[in-house]
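Here is the structure we will look at.
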Amino acid sequence: MWGGRFADGPSAVMREINASIPFDKRLWRQDIAGSKAHVAMLAAQGIVAAADAGAIAKGLDAIAAEYEADGVAEDLALEDIHMHVEHRLAELIGPAAGRLHTARSRNDQVATDFRLWVRDAIDAVDAGLAAFQRALLDRAAEHADTVMPGFTHLQVAQPVTLGHHLMAYHAMADRDRSRFADARARLNRCPLGAAALAGTSFPIDRAATAAALGFDGPTANSLDSVSDRDFALDYLTAAAQCALHLSRLAEEFILWASQPFGFVALPDAYSTGSSIMPQKRNPDAAELVRGHAGRIVGAMTSLMITMKGLPLAYSKDMQDDKPPLFEAHDLLALSIAAMTGMVESAAFVPDRMRAALTAGHATATDLADWLVRVAGIPFREAHHITGGVVKAADEAGLPLWDMPLDAFQAIDPRIDASVFDVLSIEASVKSRTSFGGTAPDQVRARIAEAKAALEDKE
């Protein structure tokens, strides 16, 4: 490829460090699609003869069939997927293949291919997250009334329902999908035709190639077109946030599946055993999802540092843009699938969840609210009184709802028997009727809204 300028070929080390085909072969579908759009435009503009354009298009289809059947045969001397396609095209149709690269550079070519790949990746992630949301909605509806501890600082705080808890992750997934959608909208401009960095003197039609490839239009600045990798960083940023959400749910499943909690039994399909302890059921799938989050965040950081301080326009550093994104995408897809499967098949244990609520005076806030609402006491004073009741309950070894009335009245005589109407776990949950609260009717309303919104997106 460099014979006109260089007398000697590259060293073996240079050939290896320079070649990107081991990883960018994943772009072959996008490369062939971009080349077909480009040559069709060249023919329409009279830049390439129709006969040559037809031969090129037919040859590209033949290469696509070969790659689909047998994969890409790597040759480090050809460096990247673009030269592999062009070289094979020349073998198939002869010198006419050389006309394909008219009015473009590998710089705008790879920028286009990569955008197309990231766009496809976003669509795949969105479909995975939609399935994850459906699983959450189904299990939330099943457990809209199932009480469990709500925690702060991993201490029992207030009663909530399992359905409400699962819907929190549905809300996170909704934001994840919106971030990916925003990233997709921003990337959907076509760099093809920017050439190396300055555009081209050929009378090309960039709007035509953009439309043929499903873009909203061409990019506006040729320098930015070939040097921009914001779209990849947008994907990685959204992927990192999504991975953090999946990791949080994975961590909860890990905790809940442990014997001290016992809130859930994970299925065999998402568990492993021990090589020495036959009784073990390890939540390895959840632990790997938790671990993958770190690698995905690392991929985002890697590309950010690669792009930091690069002058315009293209630099070879940018060849390292694809491995972190490919790795992050593969890990994220696996993580979404694993967590979807766990949500769908986990066996929750309501009795253990309810029993855990007796440990931490979870309805103490309900007592404070009762003092405000019924006795007319300012909340800060009510908080202090409730603290005294909790201390007495601890000393007696009783939950609040089993304390005798005289024990309450010894702390504050304004407390009467109607306080017991609010101290049970079920009464506490049902009382949280504010929009977005944990009351089962509120949970069911949010589930219905979420199901309708999910159907609208499909």
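Quick notes on this structure:
- All conditions but one from (1) under 26 Å from Lys36 (Cα atoms); (2) in a loop (DSSP other than H, G, I, E, B); (3) open to solvent by less than 60 Å² (accessible area, probe 1.4 Å) apply to Asp216; the one that does not is (3).
- When region 234-253 is filtered for residues that are open to solvent by 30 Å² or more (accessible area, probe 1.4 Å) and either among the hydrophobic types (A, V, I, L, M, F, W, C) or closer than 30 Å to Met148 by Cα (or both), the ones remaining, listed by number, are Gln241, Leu244, Arg248, Glu251, Glu252.
- There is at least one residue in region 58-72 that is closer than 17 Å to Ala212 by Cα and open to solvent by less than 40 Å² (accessible area, probe 1.4 Å).
Conditions (1) assigned by the TED database to the domain that holds Ala131; (2) farther than 18 Å from Val156 by Cα; (3) modelled with pLDDT of 95 or more; (4) among the hydroxyl-bearing types (Ser, Thr, Tyr), marked per residue:
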site: His361; (1), (2), (3), (4): no, no, no, no
site: Ala396; (1), (2), (3), (4): no, yes, no, no
site: Trp401; (1), (2), (3), (4): no, no, no, no
site: Asp421; (1), (2), (3), (4): no, yes, no, no
site: Ala452; (1), (2), (3), (4): no, yes, yes, no
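Okay, residues lined up against (1) free of Cβ contacts under 8 Å to residues at least 40 places away in the same chain; (2) crowded, with 21+ Cβ neighbours inside 10 Å; (3) over 30 Å from Leu288 (Cα atoms):
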site: Phe326; (1), (2), (3): no, no, no
site: Leu332; (1), (2), (3): no, yes, no
site: Ser335; (1), (2), (3): no, yes, no
site: Ser345; (1), (2), (3): no, no, no
site: Val372; (1), (2), (3): yes, no, yes
site: Gly376; (1), (2), (3): yes, no, yes
site: Gly388; (1), (2), (3): yes, no, yes
site: Lys391; (1), (2), (3): yes, no, yes
site: Leu398; (1), (2), (3): yes, no, yes
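- Residue check, Ser428 open to solvent by less than 60 Å² (accessible area, probe 1.4 Å), closer than 20 Å to Arg373 by Cα, within 37 Å of the chain's Cα centre (by Cα) and in contact (Cβ under 8 Å) with a residue 24 or more places away in the chain: yes
- Failed criterion for Leu303 (all others in (1) in contact with a helix residue (DSSP H, G or I) (Cβ under 6 Å, 6 or more places away or on another chain); (2) open to solvent by 30 Å² or more (accessible area, probe 1.4 Å); (3) touching a residue at least 60 places away in the same chain (Cβ under 8 Å); (4) under 30 Å from Asn221 (Cα atoms) hold): (2)
The values are calculated or read from the model by the stated rules, or taken from the named source; none is laboratory data. Just so you know, these numbers come straight off a predicted model, no measurement behind them. Cβ: placed from backbone, ideal geometry, glycine included. Neighbour counts: every protein chain shown. Remember, those area values only see protein heavy atoms, side chains included, never the ligands or the DNA or RNA. Shrake-Rupley method; radii C 1.70, N 1.55, O 1.52, S 1.80 Å.
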